[in-house]
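The values are calculated or read from the model by the stated rules, or taken from the named source; none is laboratory data. Just so we're clear, the structure is a prediction, and the values are computed from it rather than from any experiment. Backbone-built Cβ (ideal geometry, glycine too); neighbour counts: all protein chains shown.
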Amino acid sequence: AAGVIQSPRHLIKEKRETATLKCYPIPRHDTVYWYQQGPGQDPQFLISFYEKMQSDKGSIPDRFSAQQFSDYHSELNMSSLELGDSALYFCASSYPSGLDYGYTFGSGTRLTVV
Amino acid sequence: AQKITQTQPGMFVQEKEAVTLDCTYDTSDPSYGLFWYKQPSSGEMIFLIYQGSYDQQNATEGRYSLNFQKARKSANLVISASQLGDSAMYFCAIPGFQKLVFGTGTRLLVSP
């Protein structure tokens, strides 16, 4: 079965650089979520999109932006990277009623800022 | 707002024994669900089991079962016949508005 695809799997960037993470949801899933998980922490919600419109926003820094495109894939753009941005970034997708169908996570992008 | 509490930072169990991972929750939604995810050291978040608040019977998926006690607002994960490959972080989660809210997780170590 198709899963949520994230790219790249690993990314190393220097401070003050920019990074773009991509997420391809499961076909026919129309809601996409982004999470950030620091070392030894639980996943923290960043932002979600439903039908290409932002539906909820968490503790996402102003340096970060995201969007969902017409083919439902989503990109998380991070600028002026800081050491503290080093984390595992998850994308997940679901039907609008995640309650019934669950949330499927991608394998994550491990970002290291040096 | 939804809240998940996992009070066990770490648990140890011997291979082939059963283990229970605790999860309590708080929500004002009349209808909700509880999820459990496994996160091995490789990092991916693997869905294990789900229980809806109006489900009459506790959910079971292979060696995983949910001990769901709605009145106590608890949804404990029971892993029977633990295997070495069960060593991982385990997260309980509950849907909030347009997102999943996670607990702080429990690290399970299975010893031979």
message = So, B:Ala88, is that one away from chain A (no Cβ under 11 Å), closer than 19 Å to A:Ala92 by Cβ and either free of Cβ contacts under 8 Å to residues at least 40 places away in the same chain or surrounded by 15 or more Cβ atoms within 10 Å (Cβ to Cβ) (or both) or not?
response = yes
ask   = Of the residues that sit in the range B:95-110 and are more than 7 Å from every other protein chain (Cβ to nearest Cβ) and at pLDDT below 95, which one is surrounded by the fewest Cβ atoms within 10 Å (Cβ to Cβ)?
value = B:Gly96
query = So which residues in the range B:45-84 are touching a strand residue (DSSP E or B) at 6+ places or on another chain (Cβ under 7 Å) and acidic (Asp, Glu)?
reply = B:Glu61
note = Of the candidates B:Ser42, B:Ser31, the one satisfying the condition of being within 14 Å of another protein chain (Cβ to nearest Cβ), part of a loop (DSSP other than H, G, I, E, B) and free of Cβ contacts under 8 Å to residues at least 12 places away in the same chain is B:Ser42
query = Is there a residue being within 29 Å of B:Tyr50 (Cα to Cα) and among the aromatic types (Phe, Trp, Tyr) anywhere in the range A:53-70?
reply = no
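Here is a yes/no grid of residues against (1) of a type in the set (Ser, Thr, Tyr); (2) loosely packed, with under 13 Cβ neighbours inside 10 Å; (3) without any contact (Cβ under 8 Å) to a residue 24 or more places away in the chain:
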position	(1), (2), (3)
A:Phe45	no, no, yes
A:Asp56	no, no, yes
A:Phe64	no, no, yes
A:Phe69	no, yes, yes
A:Ser80	yes, no, no
A:Asp85	no, no, no
A:Cys91	no, no, no
A:Gly106	no, no, no
